[in-house]
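What follows is a short report on a single structure.
The values are calculated or read from the model by the stated rules, or taken from the named source; none is laboratory data. Predicted, not measured: the structure shown is a model, and the values here were computed from it. Don't worry about glycine lacking a Cβ; one is built from the backbone with ideal geometry, like all the others, and counts go over all protein chains shown.
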Amino acid sequence: MTLGDSPALLSLRLSAEYRGKGSVLRGVSLDVAEGEIVGLVGRSGEGKSTIASSILGLLPLKGGKCNGRILFQGRDLLLSKDKEMRRIRGREIGLVPQSPLAALNPNLRLRAQLDEAWRAHQSGKPDWKPLLASVSLPAEPSFLRQYPRNLSVGLAQRFLIALAILHRPKLLLADEPTSALDSITQAEILDLFGSLNRRYGLAILYISHDLASVASLCHRVAILHQGAIVECGATAEIFARPRHEYTQRLIAAIPKPPETHNQATAVRFEMESKTRPSATPVESSTV
Ligand SMILES: Nc1ncnc2c1ncn2[C@@H]1O[C@H](COP(=O)(O)OP(=O)(O)OP(=O)(O)O)[C@@H](O)[C@H]1O
Ligand SMILES: [Mg+2]
């Protein structure tokens, strides 16, 4: 796995299992360089969230355990004490989870959620305007007085991203952050991740079961299958020349946009028409 000239921010070699379930990850090897966006792709149940939980030190809470090494800025997180992990979680490594509305506290106004997340690691009272502007949310007091139930899923996801970058972490784990969103909102959130990466040099481990959604965002893609990374490389390279048959199947399963289908049909019809001297206007109009 190559990282170019950038030093590895995160470098893991990981095996994991759950009580009563057995082995889920078998020597997963994955690196994320500083400022890099890496897509971690695999079908449901392949162990993507298990990797995120392991990095955050949350696997024991889920009845799992892992071994190996998780080097973050040179420190092995698997050797870190609970107190140290509480400091790293949220402050140095942010998490954007899958279901935005479920992840927010329904009983707290948005301002109180920002204040609480801030106080978990720092003191003082920051001005929330620049943070909210950076995720394209309104900074008016009336917005911050709302409860999560007043937000659309897209706005809630932007708000969760604001919470995740509040302390300017070096690394963001985004675990299927767009799967609850419609396709237009999904594209907007992907744009937002791209702009946060460029503006702040934020490294992102972007977890998804959807290879198509990582194509526009990620610098590199790692494919997780049967507990191991079976293929990893530059996104364009993986799409152009997938070597592993599981990657080939994932790419083949990407739905074709209807325009492409219509264009292909139109081109095929045009070609067929040219080879059919007797093609009549009636035939054309029925297509
Ligand atoms: N707390 C748990 N206890 C036992 N088994 C679990 C637990 N959490 C996950 N698993 C199992 O571990 C495997 C990997 O789960 P994981 O949630 O990491 O997959 P995933 O790739 O994130 O899937 P999805 O795309 O559906 O989110 C699955 O077979 C799952 O059933
Ligand atoms: Mg998952």
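Here are the numbers for the structure shown:
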read-out	value
The stretch 171-201 - residue that is more than 9 Å from the chain's Cα centre (by Cα) and β-branched (Val, Ile, Thr) and, of those, surrounded by the most Cβ atoms within 10 Å (Cβ to Cβ)	ILE189
Of residues in the stretch 13-55 being buried (at least 19 other Cβ atoms within 10 Å of the Cβ) and in a loop (DSSP other than H, G, I, E, B), the one farthest from ligand 2 (Cβ to nearest atom)	GLU36
Search result, residues across the stretch 83-105 that are small (Gly, Ala, Ser) and in contact (Cβ under 8 Å) with a residue 40 or more places away in the chain	GLY90, GLY94, SER99, ALA103
Sole residue being hydrophobic (A, V, I, L, M, F, W, C), part of a loop (DSSP other than H, G, I, E, B) and either touching a residue at least 60 places away in the same chain (Cβ under 8 Å) or more than 16 Å from ligand 2 (Cβ to nearest atom) (or both), chosen from LEU108, LEU78	LEU108
Residue within the stretch 64-87 that is more than 16 Å from ligand 1 (Cβ to nearest atom) and closer than 30 Å to ARG145 by Cα present	yes
The listed residue being at pLDDT below 95 and within 17 Å of the chain's Cα centre (by Cα), out of ARG43, ARG19	ARG43
Which numbered condition GLN98 misses (of (1) part of a strand (DSSP E or B); (2) within 16 Å of ligand 1 (Cβ to nearest atom))	(1)
Among the residues listed as ALA139, ALA133, the single one being without any contact (Cβ under 8 Å) to a residue 12 or more places away in the chain, of a type outside the set (D, E, K, R) and assigned to a loop (DSSP other than H, G, I, E, B)	ALA139
Qualifying residue in the stretch 200-218 (condition: assigned to a helix (DSSP H, G or I) and within 20 Å of ALA8 (Cα to Cα))	yes
Residue within the stretch 176-186 that is in contact with a Gly (Cβ under 7 Å, 6 or more places away or on another chain), outside any helix (DSSP H, G or I) and over 26 Å from SER152 (Cβ atoms) present	no
Residue within the stretch 61-71 that is of a type in the set (S, T, N, Q), at pLDDT 95 or above and under 20 Å from the mean Cα position of the chain (by Cα) present	no
